[in-house]
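Down below is the structure, laid out as structure tokens.
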2 protein chains.
Amino acid sequence: MAAKLLEGKAIAQDIRERLRGRIEELTRQGTQPGLGVVLVGSDPASSTYVNAKERACEELGIKSVDHRLPEDTPETELLRIVDELNRDDTVHGILVQLPLPDQISADRVTMAIDPDKDVDGFHPVNLGRLLRGQECFWPCTPHGVLEILRAGGVKPEGKHAVIVGRSNIVGKPLATMLMQKNETGNATVTVCHTRTPDLSVYTRQADILIAAAGKAATVTGDMLKPGAVAIDVGVNRVDDATKKKGYRLVGDIDFASASEVASMITPVPGGVGPLTITMLLANTVLSAERHRERRGR
Amino acid sequence: MAAKLLEGKAIAQDIRERLRGRIEELTRQGTQPGLGVVLVGSDPASSTYVNAKERACEELGIKSVDHRLPEDTPETELLRIVDELNRDDTVHGILVQLPLPDQISADRVTMAIDPDKDVDGFHPVNLGRLLRGQECFWPCTPHGVLEILRAGGVKPEGKHAVIVGRSNIVGKPLATMLMQKNETGNATVTVCHTRTPDLSVYTRQADILIAAAGKAATVTGDMLKPGAVAIDVGVNRVDDATKKKGYRLVGDIDFASASEVASMITPVPGGVGPLTITMLLANTVLSAERHRERRGR
């Protein structure tokens, strides 16, 4: 084990402590930040995630407005609730937990959220503003990756950042962010994916390697340049009879081999994961501040 | 000269001929496509460009609604005109020629255009939908690049596309398009720019090299992999005493040396340029078709 561990939990804790002061200040001024959370159905992973978000809100003093809807909720009903949250002045951020059941179009629901409350950063207006380098809500997981780099003292400028995976929630927005002309960007960026013929050709060039492919062991130690910074966004279940649940969680990077080659690496769990929720809270606080500012004008 | 010339003019002509039929059909059905064109001031390059657009509209039977405004037009007046064009049912596309004078915010004007008439594809909603891989208006110059590749029989899938330049109108949207999971995408994409320490490290790996940096001789023959496809988006003036005007136009790629190494190359002028206007016309026709469809429903 040569690599330094980039522990998301501690980084997230630092950010949350700084948020606490802003939340107290806002609440004193009469604008307690509020997050509307909508969960449709009872998918265990989604429930766990939504519970963690609500617990985090409570700990920091963010008001959480909770909607738990049955699996067979019609799209019209969900859109009605989104509209209600859009109009609710005490709600500054809206989170509709994905995935949604088949009868509901995730695209239509995402489009229905007021872009000024889109703290997930998935609305096209936000993604378009992100691409243009304008003020917007940064999507939470890519934002978390940038926070981990910052905490590790890794400046992307002039580095070669190689991203494995091109999802709408991680790969594509993160690529956009890392290539921007600003201090968290300025990296040369390569995006690889399932149609990349020989992944290792690119991963071996990475000063910063970000794996967000959704598949265990997509990147192994021999695919890294010595001294690379390895950020693992993946969360995958692999069978493990020694565990009570029968499985354990691993990332997209083979930790054992990669940690011998990289200079820094994130663990899974406990790496990027804790940052994602934290950046959602950060966006909610930012939204409440903007809301207050707009009302003040 | 080893490289095959990818002549944009001929490719554009083909596309325009196919548009002509759709325009005739739409006009027969009572929906002649209409393009609103706004030019503020008298910048010679902008005037030339706007004139060329209007001539192209006329040739194909697209109605062109022309607004030529003085240099000192206030932003409020321009926004009023944009609003008028937004409401005009005979206008399916709106083009506000950039750059705009200092007293006008290009961002605010872009945001004011109805995304359903944003045939330039610069509105954040369009760029966000582009990033998400959803239906939208493709920005004209990147779209032109894809059309040139298609006409040359170059399939991006599995290739390494290296883009030099990260502008909002070419580099960033083109990167987004080439990495999408679809038949015009599926390339491994690298974006380089002014903060890339050694550009040739990346350009030498390119199966498809796209130069959109805005600087002459950014890419020379020795920076290309033999057999690469070289697409030149740049248009730069260089002094030339042998020309009547005292200058000539060159791209970002040094044509003389690059054409000895590449397998295909676009000339400047006559490469990507003619496609840009053509794709604007194509978006206007598409918009008229969508408009008709929405009214039919």
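FYI, it's all coordinate maths here, none of it is from the lab. Keep in mind it's a predicted model, so treat the numbers as computed, not measured. Methodologically, a virtual Cβ is constructed for each residue, glycine included, from the backbone with ideal geometry; neighbour enumeration extends over all protein chains shown.
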Task: Per-residue average of Cβ from other chains inside 10 Å of B:64-75 - done: 0
TODO: Enter the mean number of other protein chain beta carbons within 10 Å of the beta carbon of each residue in B:174-180, as an integer.
DONE: 4
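Given charges of +1 on the Cβ of Lys and Arg and -1 on the Cβ of Asp and Glu, with all other atoms neutral, how large is the dipole of chain B about its Cα centre, in debye to the nearest 20? Present the calculation step by step, with values, prior to reporting the outcome.
Values: 37 positive and 39 negative charges, 142 e Å.
Here the size comes out at about 680 debye.
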Open item on the list: I'd like the antiparallel share, as a percent to the nearest 5, of DSSP beta bridges with both residues in the protein assembly as shown.
Closed with: 15
- [ ] Between the label point of A:Asp239 and that of the same position in each other copy, find the distances and list them shortest first in nm, with every label point placed 7 Å from Cα along the Cα-to-C-beta direction.
- [x] 7.5
Open item on the list: What are the ³J(HN,Hα) couplings of region A:66-75, residue after residue, when phi is run through the Karplus curve with 6.51, -1.76, 1.60 and θ = phi - 60°? Round to Hz, x for glycine and proline.
Closed with: 9, 10, 10, 10, x, 3, 9, 4, x, 4
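So how do A:123-129, B:274-280, B:49-55 stack up, highest first, on mean other-Cβ count within 10 Å?
Top to bottom by mean Cβ count within 10 Å: A:123-129, B:274-280, B:49-55.
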Open item on the list: For the pair B:Lys4/A:Glu58, report the inter-label distance in nm, with labels modelled 7 Å from Cα in the Cβ direction.
Closed with: 6.6
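To the nearest 20 Debye, how big is the dipole of the protein assembly as shown about its Cα centre, given +1 on the beta carbon of each Lys and Arg and -1 on that of each Asp and Glu? Show your work: numbers first, answer last.
Working: 74 positive and 78 negative charges, 140 e Å.
That gives the protein assembly as shown a dipole magnitude of about 680 debye.
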Task: √(5λ) per eigenvalue of the Cα gyration tensor, the protein assembly as shown, largest first, Å - done: 41, 32, 22
Task: Entries of A:Lys215/B:Lys155; A:Lys159/A:Lys225; A:Lys53/A:Lys172; A:Lys4/A:Lys225; B:Lys159/B:Lys181; A:Lys117/A:Lys181 with Cα pairs more than 22 Å apart - done: A:Lys215/B:Lys155; A:Lys53/A:Lys172; A:Lys117/A:Lys181
Task: Alpha carbon centroid spacing (whole Å) that separates region A:178-232 from region B:242-297 - done: 33
Task: Where a label projected 7 Å from the Cα of A:Glu260 along Cα→Cβ would reach, residues of region A:1-39 with amide N under 19 Å - done: A:1-5
Open item on the list: I'd like the distance separating the alpha-carbon centroids of region A:129-172 and region A:16-53, in whole Å.
Closed with: 22
Task: Per-copy distances of the A:Lys4 label point, shortest first, in nm (7 angstrom along Cα→Cβ) - done: 5.2
Task: Neighbour net charge for B:Asp239 - beta-carbon separation under 14 angstrom, K R +1, D E -1 - done: +4
Open item on the list: Charges on Cβ only, +1 for Lys and Arg, -1 for Asp and Glu, centred on the Cα centroid of region A:222-262; of A:Val229, A:Ser257, A:Thr242, which one is farthest towards the dipole's positive end?
Closed with: A:Thr242
TODO: Would you pull out the residues with amide H under 5 Å of B:Leu69's amide H, same chain only if 5 or more places away, H placed 1.01 Å from N?
DONE: B:Leu39, B:Val40, B:Gly41
Task: Exercise: per-residue mean of other protein chain Cβ atoms within 10 Å, B:104-112 - done: 1
TODO: Excluding B:Asp107 itself, calculate the net charge of residues whose Cβ lies under 13 Å from the Cβ of B:Asp107, where each Lys or Arg counts +1 and each Asp or Glu counts -1.
DONE: +1
Task: Rel. contact order, % - alpha carbon contacts under 8 angstrom, at least six apart, chain A - done: 21
TODO: Between the label point of B:Arg28 and that of the same position in each other copy, find the distances and list them shortest first in nm, with every label point placed 7 Å from Cα along the Cα-to-C-beta direction.
DONE: 7.3
Task: Relative pair counts by distance (%), Cα atoms of chain B, 10 Å bins - done: 6, 27, 34, 24, 9, 1, 0
TODO: May I ask for the angle, rounded to the nearest 10°, between helix A:8-28 and the longest principal axis of chain A, with both axes built from Cα atoms and the value confined to 0 to 90°?
DONE: 20
Task: For region B:140-273, size of Cβ-based charge dipole, Lys and Arg +1, Asp and Glu -1, in debye - done: 320
